[in-house]
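The values are calculated or read from the model by the stated rules, or taken from the named source; none is laboratory data. Quick caveat: nothing in here was measured; it's all calculated off a predicted structure. Methodologically, a virtual Cβ is constructed for each residue, glycine included, from the backbone with ideal geometry; neighbour enumeration extends over all protein chains shown.
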Amino acid sequence: MNPNALASELIDATESIITIIEQENSLLKEARVDEIEPLIEAKKSLVEVYEHRLHDAAANKAFLDDVDTGLREKLHKSNSRFQDAVRSNVHALRAAMTVNHQVVETIAHSIENQQIAPAGYSATGQGKRAQADKQKMAGKIAFTLNEEF
């Protein structure tokens with residue numbers, strides 16, 4: 001393939017991947033994770049095209065020397081934007097994972113703190129926990145959930 005055509009295809013693939021990464025980052029920041037899956041499939045396809053073109057370019061040792069100067073500059077700028085987008089994506093993914101982990105930990109901690117041990121019965125046949133205690137515990141659970149969320 002002609003080096004200029006190959007460079008153009010690399011630029012197009014890179015720009016398309018950047019667009020998808022930016023959309024993914026936006027969805028991650030808005031906590032709309034359920035809308036990301038279609039983007040992941042599109043990103044996989046574009047990355048495959050990108051990798052094939054990159055492999056083709058790597059096979060030609062003089063690839064960059066044979067590309068027109070203007071196109072070479074676009075390729076460098078596109079690559080730089082791609083690296084920035086990937087870095088931003090990594091940060092957004094880490095942040096989303098951290099938030100998700102914290103939510104799970106908070107819920108688990110809240111559930112753990114609200115476990116009520118079986119009361120059992122006393123020798124007289126009455127429950128060990130008075131009704132008033134049960135109502136206080138129910139109020140505490142509701143308050144804790146409201147406080148946590």
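Do you know which residues across segment 33-70 are in contact with a Pro (Cβ under 9 Å, 6 or more places away or on another chain) and among the hydrophobic types (A, V, I, L, M, F, W, C)?
Those that are in contact with a Pro (Cβ under 9 Å, 6 or more places away or on another chain) and among the hydrophobic types (A, V, I, L, M, F, W, C): Ala57, Ala62, Phe63, Leu64, Val67.
Return a yes/no flag: does segment 24-35 have any residue that is in contact with a Lys or Arg (Cβ under 6 Å, 6 or more places away or on another chain) and under 15 Å from Asn89 (Cβ atoms).
no
Please go through segment 1-35 and give me each residue that is surrounded by fewer than 16 Cβ atoms within 10 Å (Cβ to Cβ), of a type outside the set (Asp, Glu) and over 15 Å from Ala85 (Cα atoms), ordered by number.
Within segment 1-35, Met1, Asn2, Asn4, Ala5, Ala31, Arg32, Val33 meet the criteria.
Residues of segment 1-29 being under 21 Å from Ile40 (Cα atoms), more than 22 Å from the chain's Cα centre (by Cα) and touching a residue at least 60 places away in the same chain (Cβ under 8 Å), which ones?
Residues satisfying the conditions are Leu10, Ile11.
Can you tell me which residue within segment 49-69, out of those that are over 22 Å from Ile17 (Cα atoms) and free of Cβ contacts under 8 Å to residues at least 60 places away in the same chain, is surrounded by the most Cβ atoms within 10 Å (Cβ to Cβ)?
Within segment 49-69, the match that is surrounded by the most Cβ atoms within 10 Å (Cβ to Cβ) is Asn60.
For residues that are of a type outside the set (A, V, I, L, M, F, W, C) and touching a Leu at 6+ places or on another chain (Cβ under 9 Å), scanning just segment 4-18, find the one that is modelled with the lowest pLDDT.
Step one: of segment 4-18, the residues of a type outside the set (A, V, I, L, M, F, W, C) are 4, 8-9, 12, 14-16.
Pick out the ones that are also touching a Leu at 6+ places or on another chain (Cβ under 9 Å) and you get 4, 8, 14, 16.
Numbers: Asn4: 90, Ser8: 93, Thr14: 94, Ser16: 95.
Per the stated criteria, the residue is Asn4.
Which of the numbered conditions does Lys61 fail, given that it passes all the others? Conditions: (1) part of a helix (DSSP H, G or I); (2) out of contact with any Leu (no Cβ under 7 Å at 6 or more places or on another chain).
It fails just one condition, (1).
Tell me whether segment 12-26 contains one or more residues that are among the β-branched types (Val, Ile, Thr) and over 30 Å from Asn100 (Cβ atoms).
Checked segment 12-26: no residue is among the β-branched types (Val, Ile, Thr) and over 30 Å from Asn100 (Cβ atoms).
When only residues in segment 24-40 that are in contact with a Leu (Cβ under 6 Å, 6 or more places away or on another chain) and in a helix (DSSP H, G or I) count, which is nearest to His76 (Cα to Cα)? Spell out how you get there, then give the answer.
Here is the first cut: in segment 24-40, the ones in contact with a Leu (Cβ under 6 Å, 6 or more places away or on another chain) are 24, 35-36.
Still in the running and in a helix (DSSP H, G or I): 24, 35.
On the way: Glu24: 23, Glu35: 31 Å.
If we take residues in segment 24-40 being in contact with a Leu (Cβ under 6 Å, 6 or more places away or on another chain) and in a helix (DSSP H, G or I), then Glu24 is nearest to His76 (Cα to Cα).
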